[in-house]
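A short worksheet on the structure shown next.
Nothing in this text is a laboratory measurement; each read-out follows from the coordinates by a stated rule. Just so you know, these numbers come straight off a predicted model, no measurement behind them. Cβ placement follows ideal geometry from the backbone for every residue including glycine, while neighbour counts extend to all protein chains displayed.
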Amino acid sequence: MKLEFKGIVIIVGAYGCGKTEVSINLAVHMHARGTAVRLADLDLVNPYFRTREARHELTRLGIDVVLPPKQYMHADLPILTPEVSGMLRNPSGLALLDVGGDEVGATVLAALADSLRGKVLQVLQVINPNRPHTNTIDGCLTIRREIEAKANIKITGIVGNANFMEETTEQDILVGYDFSRRVAEAGNVPLVFITTPVKLLTRLDKKAIQCPVLALKRQLVPPWKRAESLDTSES
Amino acid sequence: MAKVLMKGNEAIGEAAIRAGCLNYFAYPITPQSEVAEYLVRRMPEVGGVFLQGESEVAVGYMIFGAAGAGERVFTTSSSPGISLMSEAISYIAAAQCPAVFVNIMRGGPGLGGILPSQADYLQATKGIGHGDCRLLVMAPASVQEAVEMVMNAFPLAEKYRNPVMILGDGLIGQMMEPVAFPDHLKSEPTNKDAWATNGMDHRKSKSRNLVKSLFLDPVQLNDNNLQLKAKYERMRAETVMSESYNTDGDYTGLIVSYGTMSRVCRTAIDMLKAEGIEVGMLRPQTLFPFPEKALADAVSKPSCTHVLSIEMSMGQMVEDVDRFVRGLLPVSWYGKCGGDIPTPEEVIDVVKERFA
């Protein structure tokens, strides 16, 4: 099962559910498949571990990264560059928005309502059942309702991102897949894809998983670790 | 309990609850606001209280009030916020009340920046407030260790009837790691009969307790200061913690580093080892009391020629390192304090340039 995306794709979810790793890796994946990708870092609420930290690597690969002006790069201020509404008005290829966490982070989407009006949108909620607050189906649905209310937008699909970072096992992926499927079912939206750390990809029992799988190469790492190479990006 | 993937800030909030602390007063500041965000959801589930003060000054005195009444209480803040609380911390130490303060440090001085820093070392260990007061200061290097230190902080604060500080850098607060929590340890402070002003009804003793830091009589004030001094000496004797890395065999030099900075150094030490260069590390887990004996032992190794303090500050801990090396070996400092954390490669370059 292949991942196919075009038009506007908006990535939302609870704090720390892995929106940014998913966005970066999805951008790299679609770029490698020949789609023109623009990725906007819309995390206005948290100053650490944002897409902008991977900007050099993404730019090197030829992905267009939309960021706040340089002097505000390290701020946690609500700065929305006009380029974002531009990329939404005329999306070509894939326009990917990496939004901040929880309903607080998703509020920025309400400010983009004019640019989003009348457009076909995919709004994907990333979930990790190993995080507090989203370890139950109810918890995931609550976050969904809160995000939809603040952002004035409907979530159209689920992305299962079950992980314990580098301690993730195959079992975690399978349990997470099952959980994500149930969240999607309860919320009456499709499970669009799940993720796996790239090193587990070949070991996964594909027959057990009835949706596409995106292999993640971790980019946002603390300074004593190295990001995984994005160079052999076909996955 | 199964592991959970948590940010340090979230884990600190949960750890306090597990330690039986149901009172959290705070004022938001980056990079630690997630503690409040976590506890605003979590405290009502366990019957606890989260109250946002109108400023850090107010929060400091809310902590004093709760501590004086014998309640487990804590707050979290970041550098400028801790400066505002420092007056209250001095009062709490003088009145010998237990409380836990968490400082998730950001760059300074002044408003500085919002990225990680370790530039409040001197403030935490030597200058937290006016007068002869000290804090017991613990510095975690992982999210799991932050949990354990927070859970230990409450009983230690009660044992010494003194504020305890958890000194973490912004990265400890913001990074996510899998963590496991020990069992629920909700328990009352054991010795509060002697000091808590919680009414005569619950108390075994018949004497009145009075929370105060004013001693107009010079003899009484001196006595109180002698009591505090004796307590700080007891901390030195009983509650020093440190961890050594790569110190079993010979090493040409010793790195002293704490918090997340020590994890960068650890990676650098592994990379140097692959090149055939042996470097040891001492990681203080308590900053006050400082692990002076462990340091003296580590520098007494005949192969060791140099001691290098690596910190995200302009050279603060190096003053203690220098003091406890006592002139036996050259001591130097390397660091940065703007939010850019030195990389393993930078550490390797410095090691090679100074002693390898």
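By how many degrees, 0 to 90 and rounded to 10, does the Cα axis of helix B:259-274 deviate from the longest principal axis of chain B? Roughly 20 degrees, rounded to the nearest 10. Fully extending the segment from B:ASP270 to B:ALA69, taken as 0.36 nm per residue of separation minus the present Cα-Cα distance, adds 67.4 nm. Around the amide H of B:GLY70, modelled in the peptide plane, lie the amide H atoms of B:THR197, all under 5 Å away and 5 or more residues distant in sequence or on another chain.
Grouping the Cα pair distances of chain B into 20 Å bins from zero gives a pair-distance distribution of 31, 56, 14, 0 percent in increasing distance order. The distance between label points at B:GLU319 and A:MET1 comes to 6.1 nm (points 7 Å beyond Cα on the Cα→Cβ vector). Helical content alone sets the calculated 222 nm signal of chain B at -12500 deg cm²/dmol, taking -39,500 (n - 2.57) per DSSP H segment of four or more residues and averaging over every residue.
Neighbours of A:ARG218, meaning other residues whose beta-carbon lies under 11 angstrom from its beta-carbon, give a summed charge of +1 when Lys and Arg score +1 and Asp and Glu score -1. Give, to the nearest whole percent, the P(r) tail of the range B:65-198 beyond 19 angstrom, counting all Cα pairs. When all Cα pairs of the range B:65-198 are counted, 50 percent exceed 19 Å. Comparing A:LYS70, A:LYS206, A:LYS154 in a Gaussian network model of chain A (Cα springs below 10 Å), the most mobile by mean-square fluctuation is A:LYS70.
Multiplying the residue separation of B:ALA2 and B:SER55 by 0.36 nm and removing their Cα-Cα distance gives an extension gain of 15.4 nm. Averaging Cα coordinates gives a centre for the range A:53-75 and one for the range B:24-79; these two points are 36 Å apart.
Charge dipole of the range B:4-238 (Cα centre as origin; +1 on each Lys and Arg Cβ, -1 on each Asp and Glu Cβ, all else neutral): 660 debye, rounded to the nearest 20.
Note on chain B: with a GNM built from Cα contacts shorter than 10 Å, the maximum mean-square fluctuation among B:VAL147, B:VAL46, B:VAL299 falls on B:VAL46. Projected label points at B:ARG41 and B:SER205, each 7 Å from Cα along the beta carbon direction, are separated by 4.3 nanometres. Across the range A:20-90, the fraction of Cα-Cα pairs farther apart than 13 Å, rounded to a whole number, is 63%. For the protein assembly as shown, a crude dipole built from +1 on the beta carbon of Lys and Arg and -1 on the beta carbon of Asp and Glu, taken about the Cα centre, is about 740 debye to the nearest 20.
Taken one residue at a time, the phi angles of the range B:229-235 give Karplus couplings (6.51, -1.76, 1.60, θ = phi - 60°) of 4, 4, 5, 5, 5, 4, 4 Hz. Gly and Pro are set to x. Here the 3J(HN,Hα) profile of the range A:116-132, calculated from phi with Karplus coefficients 6.51, -1.76 and 1.60 at θ = phi - 60°, is 8, 4, x, 8, 7, 10, 10, 10, 10, 8, 7, 10, 10, x, 8, 9, x Hz, Gly and Pro shown as x.
Computed on the Cα atoms alone, the convex hull of the protein assembly as shown gives a volume of 161 cubic angstrom per residue.
Placing +1 on the Cβ of every Lys and Arg and -1 on the Cβ of every Asp and Glu, with no other charges, gives chain A a dipole of roughly 440 debye about its Cα centre.
Based on the alpha-carbon gyration tensor of the range A:135-226 and its eigenvalue square roots a ≥ b ≥ c, which shape applies: rounded if a/c is under 1.5, prolate if not and a/b is larger than b/c, or oblate? Note, shape of the range A:135-226 comes out oblate.
So what is Rg over Rh here for the range B:242-354, counting just Cα atoms and using Kirkwood for Rh? Over the Cα atoms of the range B:242-354, Rg/Rh equals 0.92. If R0 is taken as 56 Å, the Cβ-Cβ distance between B:SER303 and B:VAL219 corresponds to a FRET efficiency of 0.60. Just checking the listed ones, B:GLU45, B:GLU233, B:GLU292: in the Gaussian network model of chain B with Cα springs under 10 Å, the one fluctuating most is B:GLU45. Since only A:MET1, A:HIS133, A:VAL66 are under comparison, the one whose Cα sits farthest along the positive direction of the charge dipole of chain A, derived from C-beta charges on Lys, Arg, Asp and Glu, is A:MET1. Seen against the Cα atoms of chain B and their longest principal axis, helix B:33-42 is set at about 50 degrees. For chain B, the longest principal axis of the alpha carbon atoms and the long axis of helix B:143-160 meet at an angle near 50°.
Figure legend: label point modelled 7 angstrom from the Cα of A:GLN171 along Cα→Cβ; residues of the range A:193-235 with amide N under 20 Å from it are A:195-209.
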